[in-house]
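Colleague: Sharing a structure with you now.
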Amino acid sequence: MLQAFRSLVSSELSIVEILPQTDRVVLVARPKSAVSLCPYCGCQTGRVHSHYVRRLADLPWQGRVVEIRLHARRFRCANLQCPRRIFTERLPATVRPKARRTTRLGESQLAIGFAVGGEPGWRLARKLAMPVSGDTLLRMIHSAPLPDFVAPTVVGIDDWAWRR
């Protein structure tokens, strides 16, 4: 059963255990990399300071909510001149720092929010086993980056007409 989930999670993670529950599937995962880069100075280190568990919501599987219990680590920076002595490892392909949902779940929820809005999006996401509140969908829409504006290259005559 572990083989089925290996292709469903990010390549940065290794699944340790699967805990099926009545309403959800819990995946216990660890990062594959033994080292991490300091986000402040970019120095690579493997000196582990401590561990902690992050609970992340992920895309549903077979109509059930998926929760990833990520055993994350804190590292000591190897650069003595770096002001940041201890830092948490970053997993950019999986989750943003301090986020509680994976990036791919966030993208799916954002698409739902853009398509149908707040409260209808809440109802649709609940049916799709990606629970999120309508207010959160609206916050995600407001914080989404705007598409790049392309300036027109040709201006028609009517665009400059002052009188008709």
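Every number in this text was worked out from the coordinates using simple rules, so none of it is lab data. Every value quoted in this text rests on a predicted model; they were computed, and no experiment measured them. Don't worry about glycine lacking a Cβ; one is built from the backbone with ideal geometry, like all the others, and counts go over all protein chains shown.
Colleague: What shape does region 101-145 take by its C-alpha gyration tensor, where a ≥ b ≥ c are the square roots of the eigenvalues and a/c under 1.5 counts as rounded, a/b above b/c as prolate, and the rest as oblate?
Modeller: oblate
Colleague: Which residue, V28, V48, V66, tops the fluctuation ranking in a GNM of the chain built on C-alpha contacts under 10 Å?
Modeller: Looking only at V28, V48, V66, the biggest GNM fluctuation is shown by V48.
Colleague: Taking every DSSP beta bridge that has both residues in region 11-95, what percent is antiparallel when rounded to the nearest 5?
Modeller: Antiparallel: roughly 80 percent of the beta bridges in region 11-95.
Colleague: Residue by residue through region 74-84, which ³J(HN,Hα) values in whole Hz follow from phi under the Karplus form 6.51 cos²θ - 1.76 cosθ + 1.60 (θ = phi - 60°), with glycine and proline marked x?
Modeller: Coupling constants for region 74-84: 10, 10, 9, 6, 7, 7, 5, 8, 6, x, 8 Hz.
Colleague: While we're looking at this one, here's another question. Mind listing the phi-derived Karplus ³J(HN,Hα) values for region 35-50, rounded to whole Hz, using 6.51, -1.76 and 1.60 with θ = phi - 60°, and x for any glycine or proline?
Modeller: For region 35-50, the Karplus-derived couplings read 10, 8, 9, 5, x, 8, 10, x, 6, 8, 8, x, 7, 7, 8, 6 Hz, x marking Gly and Pro.
Colleague: With the contact rule set at Cα under 8 Å and sequence spacing of 6 or more, what percent relative contact order holds for region 101-145?
Modeller: This gives 38 percent for region 101-145.
Colleague: Return a whole-number percent for the relative contact order of the chain, with Cα pairs under 8 Å and 6 or more residues apart as the contact set.
Modeller: In percent, rounded to a whole number, it is 16.
Colleague: Please list, in chain and number order, the residues 5+ apart from V66 or on another chain whose amide H is under 5 Å from its amide H, with Hs placed from the backbone.
Modeller: V25, D58, W61
Colleague: Suppose only helical runs count, i.e. DSSP H with n ≥ 4. What mean residue ellipticity at 222 nm does that imply for the chain under -39500 (n - 2.57) per run, divided by all residues and rounded to the nearest 500 deg cm²/dmol?
Modeller: Calculated from helices alone, the mean residue ellipticity at 222 nm is -6500 deg cm²/dmol.
Colleague: Which whole-percent values make up P(r) of the chain when all C-alpha to C-alpha distances are grouped in 10 Å steps starting at zero?
Modeller: Answer for the chain: a P(r) of 9, 28, 25, 19, 9, 5, 3, 0 percent.
Colleague: Still on this structure, I have one more. Tally the DSSP beta bridges in the chain and give the antiparallel ones as a percent, rounded to 5.
Modeller: Of all bridge pairs located within the chain, approximately 75 percent are antiparallel.
Colleague: What is the sum of charges around P97, taking Lys and Arg as +1, Asp and Glu as -1, for the other residues whose C-beta is under 12 Å from the C-beta of P97?
Modeller: Taking every Cβ under 12 Å from that of P97, the sum is +4.
Colleague: Further question on the same structure: Based on the alpha-carbon gyration tensor of region 11-95 and its eigenvalue square roots a ≥ b ≥ c, which shape applies: rounded if a/c is under 1.5, prolate if not and a/b is larger than b/c, or oblate?
Modeller: prolate
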